[in-house]
Structure formats: structure tokens, C-alpha cells
Amino acid sequence: MSTMNFTVIKSPFNQANPAPEDPKDFATAVLKHLNGRHPADVPLSDFRDPFTVAAQIRNATYHDKHVRDLKSSIKEVGLEQGIIAELVKDEVGNLQAVIVEGNHRFKAVSELFDEGCIERTTTGHPEIKAYTLEENFFPSAAHREAFQVYMNRPILKKSCSPDEVIEATGRLIDDGIFGDTATAPEGSIEDAAKTFVRELYPTMSRRQVSDAVVARANRTRNKRRLTNGFTASDARNHKAASRVVFDGKDRNDYIISPMVISNDQADFRKALGEIIEKRAALIASGGSGNLAVKTRLVAKTNKATDSDIDTFRAKIRAKTDCMNAFSQAEMGYDIIDDTLFLPEKTNESKEYRLKRFV
């Protein structure tokens, strides 16, 4: 960084003053924090080349017409609004300023210096007015991107394209800026994301926004890793594979209880009874015999926290161990060979769809 004496702006967010959860509220809080401050004159050489920065919400770093329009305006009245940059460390530990908001203004000013249209500077070098934020000013990369989406709304500037807005919003959903897809109430993430986009980009098609947001939210839910690495897609695949008759062969000699036990003790007893009944029917029909048949119990819970989920699963394991100890003492084999734990409930409709396999 240059040794010029300018004030680096510190983040207002900490444990005593946490960042607002709503991305629009967060963006306005950042702007309020910058309001009344004066941008400093920062040499252009202190900024990292925008082409080398991955943290861009645009598919194209610059739009040539917008740069030309800005150059005409700056030549007439000067740069009216300083750019915003955040300090980061490069590969060798040196601080550089990465532009968060103002790539087009940076490009326009750089070209004006190259063309000799700007000569006098306070630093003696090509420079630009900038609000320089301290390193890690934004609580997360998702917060920085939410701020960029907000700042690029169509107000007297070149706004993001619809595709760029949707792509950025999808990344915000992935990063949990609108809530945790594993625990948020049904539809709340979609509603928050759609409201965010529609308020900032009111001319975008409501149908396009709705379809894209819902699709991205569903994709995020399907990718999330749940307890013990079990995903929502795994649950659906297991459900589909379980839509067969219980003859012990369609599941590689496994009998799977027709019902999924939940938090009710009666569920466990009913599932156990169905397994015993199936074993008895196989023996009565001259089947392969007790020891050749494997049984699997399927358990699921509507608990929300990891602690409650672990407690539920410990209870199921204890019940299973108790029944197997009795079965071993009386008949010489385990009555339940395996227990499959499904992911925790994410919402009411999901619970309903996965409640039973047959």
C-alpha cells in the first residue's frame, strides 16, 4: 500500500453491534456508516487489477458504453462519488485495495489519466477518491456480495443484468444470507430472496425472479450435507427404492419396516411388530429361515437441533440394543440387523413426503 496518510474505515459490526440479518438492511447500514465521511485520494497503483479479482458479481468486468459516459461526465464535473474498496492481503502478505463498488469509475479515471485529461493530483500520482475499508470489514464474502448487488441496482448507473442478479442471488442463498436451508420454515428463504431482488430491480419479470429463486433454493437444499452425511437426495432415492414388495429379495435379503419410526414410542413398537410378523410369515411359507433374513429399521425425527437429533437417535439405538439382547437370548439372532437414520425434518411438506415409504 502507499504510505499516504488517509484514514482506513473500520467495520461497525462486532459482538455488541452484530450485522443486520436482512441483506438490504445490512447494505443500508454500511452506507449509513460511510455517510458524512470524506473519501481519500488513493493512488491507482494501490488497487488490485479488477480483472484479477474473483469477487465480482458481473459476468463482464466493464461495459464500454458506460465507461465512455462516465469519462464524459468526469471531464465536465469531476468524480462526484468516491469508489469503495476493502483492504486484503496478497500472496506475500502485502495489503492491497480490492474494489467492492466502482469498477467503471476506476476504469474511466484510469483512462482519463492515460489520455492526459487529468494532470494535477494531491498524491503526485494517478489517483481516485475512495472509501477504503479495513481488512475483513464485511463479516463474510456473502455480506460483501449482498452489498454489491444492492449497490448495482438501477439508479443512475449501469445496473446488473437479470442473469447476473439471479446468479448473485443464488450464491447468497447458497451462503445462507437469507437463512439456513436445513432449518428455515418452508418458503421463508424464497420469500426473502424474491423480496430482495424485486425491491432492488423492480423491472425484472416477477415470473423469472420467482422461478429462478425457487429453483436455486431447491438446489441448495438438495446439496446440503445433513446429519452423518445423509442428503435430501439420498432420502428421496431411498424412498423410491423402497416402493417394492417386502419379499426379502428386492432389497438384497433385507426386510425394511414399512413405516418410519419418529419420536413416538408407539412407532417403534409398531415397526417392530411388522418385522416380527414378516419373519413369521417367511418361516410359515417355507422361506429361507431366520438367520438368512436381514432386517432394517428406518428412523426419522422432527427435532431441529443437532443435540435433540443425537438424543433421539441414542434412544432408538438403546431400544434396538435392548430388543436384540432379548432376541439373542431367546432365539440366537438379532431381530434388527441395521438402523437407517434419515435426515432431520426441514419443513412440514418434506416431513409429510418422507413419512412413509409404502
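The values are calculated or read from the model by the stated rules, or taken from the named source; none is laboratory data. Nothing here was measured: the structure is a model prediction, and the numbers come from that model. Neighbour counts are summed over all protein chains in view; Cβ atoms, including those assigned to glycine, are modelled from backbone coordinates with ideal geometry.
Give the number of residues within the range 176-194 that are modelled with pLDDT of 85 or more and either buried (at least 16 other Cβ atoms within 10 Å of the Cβ) or charged (D, E, K, R) (or both). Number satisfying all stated conditions: 10.
Scanning the range 110-126 for residues that are among the charged types (D, E, K, R), closer than 23 Å to residue 65 by Cα and in a loop (DSSP other than H, G, I, E, B) turns up just one, 115. So in the range 247-269, with the set limited to residues that are surrounded by 14 or more Cβ atoms within 10 Å (Cβ to Cβ) and within 18 Å of residue 318 (Cβ to Cβ), which one is modelled with the lowest pLDDT? Checked the range 247-269; the qualifying residue modelled with the lowest pLDDT is 257.
The set of residues in the range 90-109 being in a strand (DSSP E or B) and acidic (Asp, Glu) consists of 101 alone. Scanning the range 2-42 for residues that are more than 26 Å from residue 196 (Cα to Cα) and buried (at least 18 other Cβ atoms within 10 Å of the Cβ) turns up 9, 39, 40, 42.
Scan the range 73-89 residue by residue and report those that are touching a helix residue (DSSP H, G or I) at 6+ places or on another chain (Cβ under 9 Å) and assigned to a helix (DSSP H, G or I).
Listed by number, the residues that qualify are 73, 74, 75.
Looking only at residues of the range 85-102 that are more than 25 Å from the chain's Cα centre (by Cα) and in contact (Cβ under 8 Å) with a residue 24 or more places away in the chain, we find that the one that is farthest from residue 135 (Cα to Cα) is 102.
Looking at 80, 111, 101, can you tell me which residue is in the same structural domain as residue 46 (by TED's automatic domain parsing) and loosely packed, with under 15 Cβ neighbours inside 10 Å?
Of the residues listed, the single one that is in the same structural domain as residue 46 (by TED's automatic domain parsing) and loosely packed, with under 15 Cβ neighbours inside 10 Å is 80.
Results for (1) modelled with pLDDT of 85 or more; (2) in the same structural domain as residue 95 (by TED's automatic domain parsing); (3) buried (at least 16 other Cβ atoms within 10 Å of the Cβ), shown as yes or no for each residue.
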| site | (1), (2), (3) |
| --- | --- |
| 115 | yes, yes, no |
| 137 | yes, yes, yes |
| 168 | yes, no, yes |
| 171 | yes, no, yes |
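Residue-level check: of (1) on the phi > 0 side of the Ramachandran plot; (2) modelled with pLDDT of 80 or more, residue 321 misses just (1). Looking at the structure I just gave you, is residue 128 in the same structural domain as residue 50 (by TED's automatic domain parsing) and within 22 Å of residue 34 (Cα to Cα)? Yes, satisfied.
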